[in-house]
1. Where residues in segment B:283-295 are within 12 Å of chain A (Cβ to nearest Cβ) and buried (at least 19 other Cβ atoms within 10 Å of the Cβ), which of them is farthest from residue A:263 (Cα to Cα)?
2. Could you check segment B:107-190 for helices (runs of 4 or more DSSP H) lying wholly inside it with 1 or more residues that are within 14 Å of another protein chain (Cβ to nearest Cβ) and at pLDDT 95 or above?
3. Can you pull out the residues in segment A:97-131 that are crowded, with 23+ Cβ neighbours inside 10 Å and assigned to a strand (DSSP E or B)?
4. Since residue B:67 meets every condition but one in (1) farther than 27 Å from residue B:216 by Cα; (2) within 26 Å of the chain's Cα centre (by Cα), which condition does it not meet?
5. Regarding segment B:241-258, can at least one residue be identified that is free of Cβ contacts under 8 Å to residues at least 60 places away in the same chain and farther than 22 Å from residue A:262 by Cβ?
6. Determine whether residue A:144 is buried (at least 24 other Cβ atoms within 10 Å of the Cβ) and in contact (Cβ under 8 Å) with a residue 40 or more places away in the chain.
7. Residues in segment B:210-220: is at least one surrounded by fewer than 19 Cβ atoms within 10 Å (Cβ to Cβ), outside any helix (DSSP H, G or I) and touching an Asp or Glu at 6+ places or on another chain (Cβ under 8 Å)?
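The values are calculated or read from the model by the stated rules, or taken from the named source; none is laboratory data. These figures come from a predicted structure and were not determined experimentally. Every residue, glycine as well, gets a Cβ built from its backbone with ideal geometry; the counts of neighbours run over all protein chains shown.
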Amino acid sequence: MSIFVDENTKVIYQGLTGSTGRYYGLLNRDYGTQVVAGTHPKKAGTDVDGIPIFASVADAAEATGATATCIFIPAGGVQGAVLEAAEAGMELVVCITEGVPAHDEANFFNVLRRDFPGTRLLGPNCPGLISPGKANIGITAGHIAKAGGPVGIVSRSGTLTYQALYELQQKDIGVTTCVGIGGDPVPGTSFIDCLEAFEADPETKAVMMIGEIGGSAEEEAADYIKHNMSKPVSSYIAGVTAPAGKKMGHAGAIVSGGQGTAKAKMEALEDAGVRVGQNPTEAGELMAEIVAGL
Amino acid sequence: MDLLEYQGKQFFAQYGIPVSDGEATGDVEEAVAIANRVGYPVVVKAQVHVGGRGKAGGVKLADNEAEAREHATNILGLDIKGHIVKTIWVEVASDIAEEYYASFTLDRSAKQYLGMLSAEGGVEIETVAEENPDAIAKIHVNPAEGLSEEACRAWVAAAKLNPKATEGAVDILMKLFTAYVEGDADLVEINPLILKPTGEVHALDAKVSLDANAMYEHPEYAQYDATQPRDEREEAAHAKGLQYVGLDGSVGVIANGAGLAMSTLDVVNQVGGSPANFLDIGGGANADVMAGALEVINDDKNVKAIFINIFGGITRGEEVANGIIEAMGRVQLDSPIVVRLDGTNAEEGRAILKPKLSDRLMMEDTMLSAAAKAVELAGN
């Protein structure tokens, strides 16, 4: 099994008519994802390489039975796009777009939590998720992921998500689902949401968690693992050598006031029984040891 | 994007928050004219992006024109922890009865806004939090609901300010919340928020940090962006739209994605080297971006080797490879390059680089081996 998506998930691409949306929408379709529709308010009735375009998510969902969307539209339009998808009853909204204002994120996260509890938002500013061999929604290069489990991956960083998949593939270890939750201050889906889903998924036997400096999401995940998880976890935290007070690219990645250091996160994870690597390769090696011992 | 005090006060004033009458200037005679206009005594304050300016002699009280001139002369050009004072803020001095603290920021754990209010202002809030945590009244505000005046009033009551300050504090906090949300701020902080003997409440200082992602909604924020403290390398990178942070080492680092870039710094350190910078070329980086990144790294005289670490998602391997080759044609690179390329279209990218490999351009299979090679070349 996989978490959140599988081969039956039908996906609408909001922004399929744009150059990036088109590129990844078609790549995702080639991978095997059921890319059933795109949306554009003024281009209803046209198509992108055979994929029909509808005026709205509601129209596209009604015509295709889709339950998920993937958002590839500019930052200023993201808030409207997320709420439109939620109002259309989408169960999963994957937002790839980066650079969304933090107040927009804080607002739509809380509107979803209050009014649309059935909608799971992933991102913004995330690479999406891939259930290898079943579905790939977002910008992950599909060929770097080996299908079949037993490992689930959750990561705050896009490129480190790929690195984690790649490390496991090199060791011939398969993945059930790999979720990139994104590096923004208010991610729609948290580490804990993913850990909970992996814990409940019978095919996932172990989890690899990739974190980074800033905030306290890794510490909260460590607390969750300590008290609620039976499955083994390996981890890596990026930014051990990052200087305090400097934002390292991601809006969320900053060590400030002594908070959010990689060291504190690694200690919290180790205290929860997680095997913590010093770099992505080492985290992959630790996972190989865990898998060998299953 | 951190604002200077005077910018923060002007930002507050736009939302109706009372601040002291004053103006910013970089000129001594203009400072004297401002002082004469607002009336003595005045405070002359250095405008720098660093704390501790009071201790460094960057904040002075002037009772008359001669003192105002003397202080302005001394403070302009002053070096405060490596920041040279180019601008001073001259404002009318305030009578202070009591000093409070107020702020709004995002509580990332709760995914809600967090307001903090304390009757113990004028000192670092971290110190209050440590020594007397009960002295800070906290309020969580749901971003989808906003702050009601009723909730604000209860919050002010919980902070146990002087009852005389209640109405003024509620008024300022409601405005501060509006400034925080509508102004797309990451942080708004007033410390101290003062109660004057006359009963008025007033923002005596302003600490504001704005969300750079929201600049498209606030074109006027370009003025704040222009005064951000950046070294020469950071300025050049910023002009090219690159996410760059200057460091002290000898291995220039270019990576795609913030996580991989941070991880690259970690790995360079682990194999015994020292990175010269953090540089994230982001998603969808094309040949121009790569060429620009190499130019910035090449201008850093400390750099002895360059490590390009790319794992393509949005970024495509052939674009990276073309960018490297184009940059090598465009710029006389002083340092050898070690490339590690994986992910989307990595094969195509490697095929483009292969015929060009030399002792100036090398390719390694893994992140660790590439880091080791770059560190070796840098002579660490």
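1. B:285
2. Details: elements: B:125-131, B:149-158, B:166-182.
Filter on segment B:107-190 gives B:166-182.
3. A:121, A:122, A:128, A:129, A:130, A:131
4. (2)
5. Yes, the conditions are met somewhere in segment B:241-258.
6. Numbers: buried (at least 24 other Cβ atoms within 10 Å of the Cβ): yes; in contact (Cβ under 8 Å) with a residue 40 or more places away in the chain: no.
Here the answer is no, as residue A:144 does not meet what is asked.
7. yes
One line per residue, one yes/no per condition, for (1) hydrophobic (A, V, I, L, M, F, W, C); (2) surrounded by 15 or more Cβ atoms within 10 Å (Cβ to Cβ); (3) touching a Cys at 6+ places or on another chain (Cβ under 7 Å):
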| site | (1), (2), (3) |
| --- | --- |
| B:15 | no, yes, no |
| B:22 | no, yes, no |
| B:32 | yes, yes, no |
| B:35 | yes, yes, no |
| B:47 | no, yes, no |
| B:50 | yes, no, no |
| B:61 | yes, no, no |
| B:67 | no, yes, no |
